[in-house]
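I have a structure I would like to understand better, so I am pasting it below and will then ask my questions one at a time.
The values are calculated or read from the model by the stated rules, or taken from the named source; none is laboratory data. In this text the structure is predicted, and so the values were computed from the model without any measurement. Quick reminder, even Gly has a Cβ in these numbers, built from the backbone with ideal geometry, and neighbours come from all protein chains shown.
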Amino acid sequence: MSNDGLNLQRLLLYRQILKDETIRKAQELVLMMDTPSQKLRSVEKCYFAMLQSLIKAAERNKWNGDLWKNHVLELILDDENIFSLACEKNGEKISAGLYQSALHDIAVLKELFNFNLPEIAEKLGMNTSVFSFNFQSDGSEDHFHTPYIFKFHQLKELFTQDESPRALLSSLAEFYHVAGCGTMRKFHAFSWNKGLQGIENPDPVMLEDLVGYEYQKKILLGNTEAFISGKKANNILLYGERGTGKSSSVKALLNQFGDRGLRMIELGKRQLLELPDIIKTVSKRGLNFIIFIDDLSFEEFEIDYKEIKASIDGSLQASPDNMILYVTSNRRHLIKENWSDRKPSGEEVHISDTYQEKLSFADRFGIMISYQSPGQEEYLQIINELARRNKVAMPPKELEKLALQWERKYHGCSGRTAQQFITHIMASNRPNAETWYS
């Protein structure tokens with residue numbers, strides 16, 4: 001066995017793999033094995049250091065099975081290079097030169113993937129197969145960060161088998177196109193800090209968890225479905241009273257469409273000034289992005305909205321087709337209005353111009369969806385539905401009486417108030433010998 005057997009210096013597109021700690025240790029180990037003067041203890045030290053790196057990665061990624069093969073495939077799928085990014089955008093529709101370069105690398109990567117670690121263990125007289133070739137991690141592979149786990153195992157099988165490089169390349173290109181590469185594969189939700197930062201535990205809320213507001217949800221679903229299908233879609237403003245489910249409705253879309261190529265970037269108001277940089281980043285990717293700004297509004301003295309509205313629609317830089325904005329606000333027009341905005345004053349000649357400028361920001365949103373607080377009857381319907389879903393054991397009349405007392409004492413009739421009340425009832429250790437909601 002020789003260090004050249006790994007063929008890693010021949011890589012053209014996937015050279016970032018050479019920087020990986022475990023891969024470097026594997027190269028060092030092969031070199032030591034080929035050097036007769038190396039002491040056995042030094043070789044063992046290097047071998048177990050490499051296994052330690054693999055085990056850490058396995059626990060982090062919730063891998064099961066062959067640690068080496070999992071790690072190499074993870075590196076391949078994580079690598080954001082000109083080939084993987086091109087496939088993310090266009091699938092197999094890439095240039096002939098890029099295709100040939102990738103074909104060259106596939107042969108090298110396949111050899112790396114099938115690197116004979118058991119053979120090294122046998123030469124060292126060690127039986128490490130229990131925890132290195134049939135590893136069981138502390139957790140399930142099927143979690144939010146690996147929504148494409150089936151395709152991952154499918155690719156692993158193709159790399160293991162005697163598959164032709166062209167067939168393997170085709171499957172890899174399809175994976176990048178469907179699941180994305182690098183952080184796009186690992187995360188569906190992102191924040192922005194001079195670049196995209198994956199959110200580890202996004203809100204798992206689903207649209208069916210939200211009781212009522214069926215019309216509003218229908219509009220959101222239709223626009224989002226058109227967007228991820230490659231059709232024209234509108235920016236959306238969700239406005240209305242607090243606690244009505246505006247934010248939850250948007251976050252639920254990510255859980256509904258995340259496995260179909262939807263990604264979401266959450267921004268704060270001050271970060272909107274960085275929208276040109278975000279647009280530049282998003283335009284390079286092949287997936288679809290909703291820019292989500294929660295609870296957005298501007299006071300009359302804040303003029304940042306003038307720059308922001310140009311970035312949304314009106315600048316020379318066109319917004320990419322794979323990006324739209326979903327914004328929630330308590331204000332329909334986003335910017336605080338005073339009666340003085342509509343009345344002539346001694347200081348401004350064209351008072352209507354100022355008023356129209358404020359309204360023009362909200363005009364950037366092709367769809368505006370109103371979320372109003374429910375009346376008492378609707379509020380009690382939400383209470384009863386949430387009680388049924390959570391199997392709350394309490395007579396309906398008693399439940400409704402307490403629910404009305406709760407909303408008067410706290411935040412009024414809203415979906416959020418209803419959820420808080422049900423949470424309180426479930427935590428109050430009331431008798432539940434009889435189930436009133438089947």
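For the subset of segment 250-289 comprising residues that are crowded, with 20+ Cβ neighbours inside 10 Å and basic (Lys, Arg), which member is nearest to Leu220 (Cα to Cα)?
Ranking the qualifying residues of segment 250-289, first place goes to Lys251.
Out of Leu98, Leu124, I need the residue that is at pLDDT 80 or above, of a type in the set (A, V, I, L, M, F, W, C) and either touching an Asp or Glu at 6+ places or on another chain (Cβ under 9 Å) or outside the structural domain of Asp259 (by TED's automatic domain parsing) (or both). Which one? Please lay out each step first, then the result.
Working: Leu124 fails: at pLDDT 80 or above.
Just one listed residue meets the conditions, Leu98.
On to the next question. Out of Thr244, Thr224, report the one residue that is assigned to a loop (DSSP other than H, G, I, E, B) and either within 15 Å of Leu325 (Cα to Cα) or touching a strand residue (DSSP E or B) at 6+ places or on another chain (Cβ under 8 Å) (or both). Give the derivation first.
Values: Thr224 fails: assigned to a loop (DSSP other than H, G, I, E, B).
Within the list Thr244, Thr224, the selection yields Thr244.
Right, something else. Looking for something in contact with a helix residue (DSSP H, G or I) (Cβ under 9 Å, 6 or more places away or on another chain), under 23 Å from Lys186 (Cα atoms) and part of a loop (DSSP other than H, G, I, E, B) - is there at least one such residue anywhere in segment 36-45?
No, that holds for no residue.
Considering only segment 61-110, state which residues are assigned to a loop (DSSP other than H, G, I, E, B) and without any contact (Cβ under 8 Å) to a residue 12 or more places away in the chain.
Across segment 61-110, the qualifying residues are Lys93, Ser95.
Can you give me the number of residues within segment 290-304 that are over 21 Å from Ile278 (Cα atoms), at pLDDT below 65 and either surrounded by fewer than 12 Cβ atoms within 10 Å (Cβ to Cβ) or among the β-branched types (Val, Ile, Thr) (or both)?
1
I would also like to ask the following. Considering every residue within segment 374-386, establish whether at least one is farther than 20 Å from Asp209 by Cα and in a loop (DSSP other than H, G, I, E, B).
No, that holds for no residue.
From the set of residues in segment 220-247 that are under 19 Å from the mean Cα position of the chain (by Cα) and among the hydroxyl-bearing types (Ser, Thr, Tyr), which is surrounded by the fewest Cβ atoms within 10 Å (Cβ to Cβ)?
Result: Ser229.
For segment 161-176, give me each residue that is of a type outside the set (Asp, Glu) and not in a helix (DSSP H, G or I). Steps first, answer last, please.
From segment 161-176, those of a type outside the set (Asp, Glu) are 161, 164-173, 175-176; that's our starting set.
Scanning segment 161-176 gives Gln161, Ser164.
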